[in-house]
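The values are calculated or read from the model by the stated rules, or taken from the named source; none is laboratory data. Just so it is clear, the model here is predicted, and its values are computed rather than measured. Because the Cβ atoms are built from the backbone with ideal geometry, glycine has one as well, and the counts that use them run over all protein chains shown. Side chains are part of the model used for accessible areas, which takes the heavy atoms of the whole protein and leaves out ligands, DNA and RNA. Shrake-Rupley method; radii C 1.70, N 1.55, O 1.52, S 1.80 Å.
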Amino acid sequence: RFSAWVEENTGEAGTYEACTVNGFPAVKNRLEGCLHSGKLLQRLTEINMKAGVEIRWNCPVSSVEANRVVLQDGLELEAGAVMCALNGYTSTLLTTTDVKPARGYVLVTSPLKKLPWKGVFHYNKGYVYFRDLDGRLLIGGARNMDKSGEQTVQHEINPVIKQWLTGFVNSGLQIDEDWQIEQEWTGVMGFAGTKTPECTKFENGVYSAAGLGGMGVAIGMEIGRRTASQITV
């Protein structure tokens, strides 16, 4: 039924099929893909620079108005229009936003001798995701183990979630028994109450593009385009 809906909207037939992967019942999406997020950001930066867009890193903002951005060091920037594309951090500058932060945890193992998972996988209603990464396992998520504890912009590792994920790896993913964590980090997503991304102009004249619900790689460019099309100077 869902494959029929996808075909109706995209023209792609037979997108989903039932299967078994390493003993787990699964639903395969033949159009599923992955990308290197670091290379994505690098390429996006190159495109913006060629278009004449200036990017200023490490410039924390204290407040925004319709035509002004105030940095934490006191410097004020004037603009024809201001758009906040902060996703999970939106509420730190816009108190009227409906978007709430949702922290996520990710770990990458050291190189493995045994890694039977090739591709991109989602588990437990999509709350857990994992994939192979140059002979390593990348796995993250499990935010549902402590949703309220993860509604924060603070970059700290939640021990409840880390313990659940490492336990899942040990009990279900059939990799090296002596596997080790090589890298781990957290990132902050943004979720709107309606689960619909925010493409909004607020009463103070500031535009907002946020609330991508963990789907920023897939829909971020479209949300940016929609919000930019609303801007009038």
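Things worth noting here:
- Residue list for segment 93-123, filter: assigned to a loop (DSSP other than H, G, I, E, B) and either aromatic (Phe, Trp, Tyr) or touching a strand residue (DSSP E or B) at 6+ places or on another chain (Cβ under 8 Å) (or both): 93, 94, 97, 98, 110, 111, 112, 115, 117, 118, 119
- Residue in segment 142-151 that is within 22 Å of residue 109 (Cα to Cα), touching a residue at least 24 places away in the same chain (Cβ under 8 Å) and in a helix (DSSP H, G or I) present: yes
- Qualifying residue in segment 139-149 (condition: in contact with a His (Cβ under 9 Å, 6 or more places away or on another chain) and polar (S, T, N, Q)): no
- Looking only at segment 191-233, and only at residues there that are open to solvent by 90 Å² or more (accessible area, probe 1.4 Å) and not in a loop (DSSP other than H, G, I, E, B), the one that is nearest to residue 64 (Cα to Cα): 201
This table checks each residue for (1) closer than 30 Å to residue 230 by Cβ; (2) touching a Cys at 6+ places or on another chain (Cβ under 9 Å).
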position	(1), (2)
131	no, yes
141	no, no
156	no, no
162	no, no
170	no, no
176	no, no
184	no, no
190	yes, no
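- Counting the residues of segment 27-63 that are surrounded by 12 or more Cβ atoms within 10 Å (Cβ to Cβ), among the aliphatic types (A, V, I, L, M) and in contact (Cβ under 8 Å) with a residue 60 or more places away in the chain gives 1.
- Annotation: of all residues in segment 64-73 being assigned to a strand (DSSP E or B) and touching a residue at least 24 places away in the same chain (Cβ under 8 Å), the one that is nearest to residue 218 (Cα to Cα) is 64.
- Out of 67, 87, sole residue that is farther than 21 Å from residue 154 by Cα and either out of contact with any helix residue (DSSP H, G or I) (no Cβ under 7 Å at 6 or more places or on another chain) or of a type outside the set (Asp, Glu) (or both): 67
- Yes/no for residue 92 being open to solvent by 70 Å² or more (accessible area, probe 1.4 Å), touching a residue at least 40 places away in the same chain (Cβ under 8 Å) and more than 24 Å from residue 233 (Cα to Cα): yes
- Test: residue 66 is out of contact with any strand residue (DSSP E or B) (no Cβ under 6 Å at 6 or more places or on another chain) and either among the small types (Gly, Ala, Ser) or surrounded by fewer than 12 Cβ atoms within 10 Å (Cβ to Cβ) (or both): yes
- Enumeration of residues in segment 153-190 that are of a type in the set (D, E, K, R) and open to solvent by less than 70 Å² (accessible area, probe 1.4 Å): 162, 176
- Residue in segment 173-180 that is free of Cβ contacts under 8 Å to residues at least 24 places away in the same chain and not in a loop (DSSP other than H, G, I, E, B) present: no
- For residue 12, the stated conditions hold: it is in a loop (DSSP other than H, G, I, E, B), at pLDDT 90 or above and out of contact with any His (no Cβ under 6 Å at 6 or more places or on another chain).
- Odd one out for residue 140, checked against (1) over 20 Å from the mean Cα position of the chain (by Cα); (2) more than 18 Å from residue 86 (Cβ to Cβ); (3) open to solvent by less than 20 Å² (accessible area, probe 1.4 Å): (1)
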